[in-house]
Structure formats: structure tokens, C-alpha cells
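The values are calculated or read from the model by the stated rules, or taken from the named source; none is laboratory data. Here the structure is a predicted model, which is why all the values come from computation and not from measurement. Ideal geometry is used to build each Cβ from the backbone, glycine not excepted, and the neighbour counts take in all protein chains shown.
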């Protein structure tokens, strides 16, 4: 039989729409659409109605060379139906019908998952007697997301050669047990070498285990591996078989601590499977972000990210990841979410950058940070939103007080919440420090808040720039603007004589008690190892 022209195939299909779906009825072939203000127009191959009364755009393609146009035309016609014929968007569907799906399957599958309209595909066959048959095309499922889980390990070796052999052995073990996706960082001891057992380290992050592997049916576990039992089992198997000087467990944030330690230096990265260094899509900064947990909020206490609210898929994950790092701090969680929602309401493309350090452990801040490194260890939020008109919103989150302290004092309240250093360490191992920390912060009269400056110019803030004070009041996020009369009263209530009392100023008031408590904890427990 002579091959039919596309026009002939269209007319044939219009007479046999029931081969696609029962109940389809023809509206018109070559249905004309236009939008003069946009200077665009088009003709739908076949416009039909389904048994629920929805309008169905049927786009027909018969040649591989033209199949690539299908998505463009379907998207265009769906938009023009709304603009030209005022059809509600939830009343529009689309079918792509083709005799050849080699070029269509991948792009149509992607669009069908993310498009707001129902989109389906059919493969059409023409019989010798000009009857048609059609089979619905199964769209490709979403590609499983591959990421570095919070299941990490540390391995120390006596030499670089031993580390190379160790990495080869780890890869072999992981391949055998069905965990092919690994990412690792090489690190070396560059000073104070007598303080450790070996000088060459490998920091390992276990990537997601694909569904269907032997590990994917791993039994649930408590504690460290509860959210990733398959990956945790993989790490346990690696640890049981690996040969090195020392094996240690780790989690997102540990690598960041190593980065901040001048005695250690990261010298390179290694990867397998989805994280093979020859991947080409990722750069060194991406490997680092994955291992420290900043890219997904897995660092729990620390997050660094950026997004544009107009790119909705990324924006939603960006907000979720930020909220993960704010877990255990309900005040900052409410304030940051409210600020992000306020920013997203503004029109146009907005660049938002967010940096969060939320340890929820004031005792840790004192032990590690007081007095010289407090800026590194105190809770802090920094955020910037840059708007299309050149204006920007700059936010800083701080733990502050509205007084310089008073009786009974820092040492007293710390011992009310934590009976002794062992009590504090118990909450840390049990993952409940944040609960006790909320109690300690409340007893001391400290408060999590955010300060915002909105300006329409580059450079440092100017006196005329609007200030915003973000507080949680009555269980809700509240913003006081310096343009409103209520701002002055809110500022006076949350400052000391009109001046914000920072955590450093607050601790300085109690410096003798703070020093005593710090020495007490350092003497009882080796927390600085």
C-alpha cells in the first residue's frame, strides 16, 4: 500500500477517533487559532471533545523528521485555546499521535510529568484496509535522583599508596553489594602530625542505592541510619571489610569541620557511578557541597543555597532544604519561611541567597567559640534577595537579648538545664540537645530574631533605608517596619536602651561564669578532639 500523506492520515483518524479513546467526538480538523497582539496563529490537526466534555488537542506526526515539532505545537495550541477561545486551562488535554516514537519518547515523557495539562501519547498503525489501530505509549518514569546521602565514613591510611589501594578495595566492595554510587574526598594532615594515628584520609559519602538492588530491601534500623537503611547497610559492609589504619563514622558537617581545621587539607576528590569525576556536569565545588550536605540541607545545622522563586521546582526544594537545617529552632523556621514567602510575592526574577548556621546548642557555642572564635560558632543567618528594579533585601538572623543579664546568672541556668557535662553529652548522643537548648535560651532571656534592611542602592546601608524587625509573637511571624509607628515600641521592647544586645555582649556580662563553665566541661569531657 502506498504510504499515506499526513493530511490523508489525519482525515482517516478523524473518522476513527475511538481507536484512541472511547467517547472522543470530533469538533473540527485544522481548527484555526490566533492571537493578533502576539502575532501568532496556528491550526490544530484535530480538535475533539472527550466523554467528560474536555477539549482534546490531537497532534499527528508520521515522520521522524517532523516529530520534534510536536511538543512545540501542542504547547502553543494549548496556550492559544485559552487566549483565543477562553477555554479554561483545566478543560484542556492533549494527545500526540505518531507512527514513529523514536524521537518523541524522551521529550514527551519529560513534558508529560511537568506540564499542567494532561498529555498522552499513542502509536498509530495503519492496516491495509485503511483501518487504524493505536496503542497508548508508556511514558518513561522519572529518572531516580542520585545524591550523596548523610551516611558517611572516614578512613585513615599510612601512605597515599595505601589510600589508593583502599579506595580500589572500597569500590570493589560497593560494586559487589549493589552500592555503585560513591563520592569521596582525599584529605591529608599538613601540621601537628603527632596528634593522629595516620596522615592520609579518605572521607566517603555513600550515594543512593537504586531500588531493586539487594540492599534496597534492607531492614529498618534506628538512629544513625534510620532514614537510609540500605546505604547504612552498605557502609557497615564496607567498614567490616576495608583495610586501613583507622575507621570512623561521620555525617554531613564533619567534613566542614575538617575544612576549618588548619591541620587538615583536602587534596582531591574521587567518585564512582553517578559521581564519577568524568561525569562532566559537576565541578569541584559541587562535590564539596554534596559531601558537606549544603546542597540538600543534610548538614542539619548548616545550609548554603540560592534560588529564584520564578523557577518553581527549584524554589520549592530550596525552601524545604532550608527548613531542614532550621529544624529544632521553631522561631527561625517561622521567620525565614515568612521572609521567603514575602520575597516570592514580588514580581520578576529574584536572586535569593541564603546562609544558615543553626547549631541549637548554646553550650557547644560557648565551649568551642568563647571568646576568640564566637563569630564562627554562634547561630547566624545571612540572606540577600536582589530584585529586578535594583533594590535588595538584606537579612541577618541573630540570637539576641533585651538586657545585659542579671541574677541568678549564666552558670545557674546552665546547671538547671544540664546537671553536669555528662548530662549535656547524653543529649547530644541522643539527638535531643535542641529541646534542652530551647529551654536554656528561654531561661537566659535570649531570643532568635531577624533584622532586615531594604535598599534601592548599592553599597552599605543608608539612614533612609527601611528597616524591618522580624519576631515571633503569639506563635506567628511578625514584621515591624521602620516606616510604621509600631516599630519604635517593638524595638524598645527587644533591645536594651534602644541598643541590640548581641550574644557576645550578653556573654561578656557573664564572662567569669562562662569561663568557669567552659573549663568545667573541657576538663570533664574531651570535646575538642
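Per-residue answers, yes or no, for (1) over 24 Å from the mean Cα position of the chain (by Cα); (2) surrounded by fewer than 17 Cβ atoms within 10 Å (Cβ to Cβ); (3) within 17 Å of residue 155 (Cβ to Cβ):
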position	(1), (2), (3)
232	no, no, yes
239	yes, no, yes
247	yes, yes, yes
253	no, no, no
268	yes, yes, yes
273	no, no, no
277	no, yes, no
283	no, yes, no
286	no, yes, no
Residue under evaluation residue 51, criteria (1) loosely packed, with under 12 Cβ neighbours inside 10 Å; (2) within 30 Å of residue 273 (Cβ to Cβ); (3) in contact with a strand residue (DSSP E or B) (Cβ under 9 Å, 6 or more places away or on another chain), criterion not met: (2)
Hey, does the range 492-511 have a residue that's under 16 Å from residue 398 (Cβ atoms), buried (at least 16 other Cβ atoms within 10 Å of the Cβ), in contact with a helix residue (DSSP H, G or I) (Cβ under 6 Å, 6 or more places away or on another chain) and assigned by TED's automatic domain parsing to the domain that holds residue 411? yes
Kindly indicate the residue of the range 472-488 that is surrounded by 16 or more Cβ atoms within 10 Å (Cβ to Cβ) and in a strand (DSSP E or B) and also nearest to the chain's Cα centre (by Cα) among those meeting that condition. 477
Number of positions in the range 384-405 that are within 30 Å of residue 361 (Cβ to Cβ) and in a strand (DSSP E or B): 11
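Yes/no per residue for (1) outside the structural domain of residue 206 (by TED's automatic domain parsing); (2) in a loop (DSSP other than H, G, I, E, B); (3) touching a strand residue (DSSP E or B) at 6+ places or on another chain (Cβ under 8 Å):
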site	(1), (2), (3)
262	no, yes, no
313	yes, no, no
316	yes, no, no
320	yes, no, no
327	yes, yes, no
335	yes, no, yes
Output for the range 265-282, where each listed residue is modelled with pLDDT of 90 or more and farther than 18 Å from residue 180 by Cα: 265, 266, 267, 268
How many of the residues making up the range 126-137 are touching a strand residue (DSSP E or B) at 6+ places or on another chain (Cβ under 9 Å) and farther than 16 Å from residue 58 by Cα? 2
With respect to the numbered conditions (1) modelled with pLDDT of 90 or more; (2) surrounded by fewer than 20 Cβ atoms within 10 Å (Cβ to Cβ); (3) within 17 Å of the chain's Cα centre (by Cα), which one is the sole condition not fulfilled by residue 330? (3)
Report yes if some residue within the range 338-346 is assigned by TED's automatic domain parsing to the domain that holds residue 452, within 18 Å of residue 380 (Cβ to Cβ) and either at pLDDT 95 or above or surrounded by fewer than 20 Cβ atoms within 10 Å (Cβ to Cβ) (or both); otherwise report no. yes
Just the residues that are surrounded by fewer than 17 Cβ atoms within 10 Å (Cβ to Cβ) and under 17 Å from residue 512 (Cβ atoms), please, taken from the range 353-371. 371
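For residue 419, state whether it is part of a loop (DSSP other than H, G, I, E, B), more than 27 Å from residue 490 (Cα to Cα), at pLDDT below 95 and assigned by TED's automatic domain parsing to the domain that holds residue 500.
Yes; evaluated as a whole, the condition is true for this residue.
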Yes or no: residue 129 assigned to a helix (DSSP H, G or I) and more than 37 Å from the chain's Cα centre (by Cα)? no
Can you pull out every residue in the range 96-126 that is under 20 Å from residue 44 (Cβ atoms) and assigned to a loop (DSSP other than H, G, I, E, B)? 99, 104, 115, 116, 117
Extreme residue, surrounded by the most Cβ atoms within 10 Å (Cβ to Cβ), among residues of the range 111-148 that are closer than 30 Å to residue 231 by Cα and in contact with a helix residue (DSSP H, G or I) (Cβ under 9 Å, 6 or more places away or on another chain): 148
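For the range 16-40, what are the residues that are closer than 19 Å to residue 54 by Cα and in a helix (DSSP H, G or I)?
Selection gives 17, 18, 19.
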